[in-house]
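Data first, discussion second: the structure below is written as structure tokens.
The values are calculated or read from the model by the stated rules, or taken from the named source; none is laboratory data. Keep in mind the model is a prediction, meaning the values are calculated, not measured. Here the Cβ is made from the backbone with ideal geometry for all residues, glycine too, and neighbour counts use every protein chain on show.
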Amino acid sequence: MYDENKSKGRTAGAYFRVSTGRQEKEATIDSQIDEVKTRIKADENILLPENIFTDDGWSGELLARPKLDELRDACKGKRIEVLYVYDLGRLSRNFTNQLVLLEEIENAGVEIISLHDINPQNEEETLAQRVLGIFHDYERIKIAERMRRGKLYKSRMGILINGQALYGLTYIRKTENRPAYCKFNEFEADTVNKIFEWFVIKGYSQRRIIKELYDAKIPPRKRKSEFWTKGPVIRVLTCETYITGVAYYNKSEAVVGKRLKNDEKYRKVKKNSRRVRPKEEWIPIKVPVVLKNQELFYKAQKILEHNQKFACKKRQHTYLLSGFTYCECGNRRVGDGADNGHYYYRCTERILKYPKKNKCKSPGINAEVLDKLFWLNLTGYLSEPKNLKEQVKDWVKTQVSSEVQVREMQRINTLIEKAKEEKQRYIQAYGQGALEFEAFQDAIKPVNQRIKGYEDELEAIKQKSKGVLEDSVPIEEYCAEVKEAFSTLNLSNRALLIRDIIDKIVLKGHKNEVDVYGYLSVAHLNMGYGTTNRNRWVAK
């Protein structure tokens, strides 16, 4: 309890805390320190530099704070006699935690003086202090809930409330006359388009893109570093908002992380991680479209998926069919070596389900045997002139269509869309009374004729593409080239070939069968194998 007669000439301690980055920038800590020091000087107490404890940017919901721990140790060690705080909320925003700290500090014989709370001198004032603490905690929860509901309401009305725009856009704060909105940032948007072009068209790796951005002197937005890192590059390449023009509010929520990052002893906020909410809870907000060519986005996703599936890993053994093999239970099979010098394709269920007991008992498949057997069967099938001739003809048809006719079909489809838009404008004008019926008929008749002509032209091109002269294709030359290529391919090139024509391979260990699913007609590719003492479960 506070006793003014005892408060002079004692060793004082002072604790300060603010929680958010905004408070840090507004120097709230400095204003607290100035006011507390003035009070300590007025009370004629002594404040040593080592007895000033400051947690700048730490949440008041957490008890684990570095300077708060030092303060508690100082109280237990009798290094201070009286503790000054700006208000009791600096110690903790949680009322229960606040009581724990007050009791611990007072039991250590340290008097607590709050500049903006009741400093009790009797039991009645102590009760009043506790009641005020409860109301402060209730008001904090009430304000947080009111702000949450207010933000949801505004976002559902289409009002942008998030103050951090995507790279490529600039957040414009609200004014008295208009709400906040995102503005197209020409320089950043140009950088986004460059990143997609480098990645998709030029085939640059993420490291190469980072180097190109550095050489072009394009720093990341926050400019904490001179160069980009892989994280922001990936976020740009996977951001669907760039092509849809739709951002989402309420997409994720703050949660307590399961573990500390980088094995840190303290965390500044209690909810230090985020979890994606169900999609039906997302609230769409319109923003400008950044990426000019939408096709680049979809191609980038395919490349990223391909890279994730076939990325090079440091392995002791080589696996020709890595990334393609699946178990009959539906899980993937992965390469797994054993102490006996052999290596296998094993089901991942026992890894994914661990520590639970796995259900799949399908044995491992000897990778060396399967790789050789698969390659012999595949090249044998593709080396057959009859099979190869059919595949080459199909490929030539596709090339003829894609190289010449597809572009023409796209042009005609564009003309059809424009004609239909013109027709719709005439219909709207007639519906609004701007055109008489006779004038409407005179205007729309030639438009219908143009649409019919375009559609006939489009159909003619489709029929022509079906009639490619197969006899003109030099099939024998292709056959000779393929046979020669098969004999010279190394392991990496064999893997690239398989990626182009095979989708997945299902290994049925109990039935000694292999099902191959690919992009070519390989109905006659039958495989079988046998195993001896291969049922070993090595992977942990």
Practice item. Kindly provide the set of residues from the stretch 231-260 that are under 16 Å from PHE199 (Cβ atoms) and either among the hydrophobic types (A, V, I, L, M, F, W, C) or surrounded by fewer than 12 Cβ atoms within 10 Å (Cβ to Cβ) (or both), ordered by number. Key: GLY231, VAL233, ILE234, ARG235, VAL236, LEU237, CYS239, ILE243
Review point. Taking the stated definitions as given, is GLN164 over 19 Å from LYS286 (Cβ atoms) and polar (S, T, N, Q)?
Key: no
Practice item. Please enumerate the residues belonging to the stretch 149-158 that are touching a residue at least 40 places away in the same chain (Cβ under 8 Å) and part of a loop (DSSP other than H, G, I, E, B). Key: GLY158
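Condition check ((1) assigned to a helix (DSSP H, G or I); (2) modelled with pLDDT of 85 or more) across all residues:
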position	(1), (2)
ILE105	yes, yes
ILE113	no, yes
THR126	yes, no
GLN129	yes, no
LEU132	yes, no
HIS136	yes, no
ARG140	yes, no
MET147	yes, no
Exercise for review: Go through the residues of the stretch 399-421 one by one and say whether even a single one is within 30 Å of VAL516 (Cα to Cα), surrounded by 12 or more Cβ atoms within 10 Å (Cβ to Cβ) and either modelled with pLDDT of 80 or more or out of contact with any Lys or Arg (no Cβ under 6 Å at 6 or more places or on another chain) (or both).
Suggested key: yes
Check your understanding: If only one of ASP442, ASP456, ASP471 is out of contact with any Asp or Glu (no Cβ under 9 Å at 6 or more places or on another chain) and modelled with pLDDT under 75, which one is it?
Key -> ASP471
Point to revise | Residue, nearest to THR38 (Cα to Cα), within the stretch 72-103, restricted to residues that are assigned to a helix (DSSP H, G or I) and of a type in the set (S, T, N, Q) | key: GLN98
**Study point:** the stretch 166-209: number of residues that are without any contact (Cβ under 8 Å) to a residue 24 or more places away in the chain and either within 18 Å of TRP228 (Cβ to Cβ) or assigned to a helix (DSSP H, G or I) (or both)
**Key:** 11
**Study point:** The one condition in (1) crowded, with 16+ Cβ neighbours inside 10 Å; (2) at pLDDT 90 or above that ILE201 fails to fulfil
**Key:** (1)
**Study point:** Matching residues in the stretch 118-156 - criterion: being basic (Lys, Arg) and within 41 Å of the chain's Cα centre (by Cα)
**Key:** ARG140, LYS142, ARG146, ARG148, ARG149, LYS151, LYS154, ARG156
Point to revise | Among the residues listed as TYR167, TYR84, the single one being surrounded by 12 or more Cβ atoms within 10 Å (Cβ to Cβ), farther than 30 Å from THR241 by Cα, among the aromatic types (Phe, Trp, Tyr) and in contact with a Lys or Arg (Cβ under 7 Å, 6 or more places away or on another chain) | key: TYR84
Review point. Across the stretch 168-188, what is the total count of residues that are out of contact with any Leu (no Cβ under 8 Å at 6 or more places or on another chain) and aliphatic (A, V, I, L, M)?
Key: 2
